[in-house]
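Beneath this line is the structure, given in structure tokens, with notes to follow.
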């Protein structure tokens, strides 16, 4: 079994830990790799350090669905990869081949096996990891990252998601496709979609919105509101490219809706206020570009009609930022 993988995978996991409010220094103290060596995104880290970080996060977060939630969080960080793969592909089948090559070269602990069954393509994830609880968490993260990536590329929904568990409530809550119990981690996609072209409209959205997301993520916090800053970062990372709903964000923090809202209230804000401020900043960036009309901007920001977007924009202009 390969014992090294791209340091980008460990860095992404560490960023997620920080976003969840976990102790970064404590997690780093459990690794053999020096913190100074983690600045190179094109470097390599040991599988042992990667699994230690997972184990430490599972212990600190007490989140039994850490892999599922991490797979959803990774979405924004994968959008650039999805966009590059999509541009280099003429069909979903070709894009899947490039994705399998990417995993083989940078994250060899996961292997993709594809088979055809009747009118579906079955994509099964296999892992060389030996620790079963940790193995399932890693497989969950990759499965649901792929679920969201492929959903961006195809014209319809993924037919079915299979996981080796009997308790499916959290998976069903976050996943739009049917979830069933099986003996492995699998995605089922209709063959007609696999052979078909990539959804270019979605790619256009990524082309426009990805620079905005990255710019907003790079901004320093305006005020000292630790939890509100975590929520803002989580919202941005969960965009696909639409902003996530309240349920999706709350699930990342392993707390009740009441506790989540109370913590934000104590810092003088709310989920709606943070989400509206992100939309306002995105709208300002898109309007400055002068390449999109009002209807296109409304669609990209998730409004059902131009009038709803214009109504929100009038309110934003009457309020101070942040």
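Quick notes
- Working note: Cα gyration tensor of the range 63-198, eigenvalues times five, square-rooted, sorted largest first, giving semi-axes of 22, 17, 15 Å.
- Residue-averaged [θ]222 nm for the chain, counting only DSSP H segments that reach four residues, each worth -39500 (n - 2.57): -18000 deg cm²/dmol
- The chain, Rg to Rh (Cα coordinates; Rh as Kirkwood inverse mean 1/r): 0.96
- Pairs of Cα atoms farther than 13 Å apart, the range 1-62, %: 58 percent
- Between residue 88 and residue 314, the FRET efficiency estimated from the beta carbon spacing at R0 = 41 angstrom works out to 0.45.
- Shape index of the range 219-317: Rg/Rh, with Rg the Cα radius of gyration and Rh the Kirkwood radius from the inverse mean 1/r over Cα pairs, equals 0.99.
Just so you know, all these numbers are worked out from the coordinates, no wet-lab data involved. Owing to the predicted nature of the structure, the values given are computational and were not obtained by experimental measurement. We place every Cβ from the backbone using ideal geometry, glycine too, and count neighbours over all the protein chains shown.
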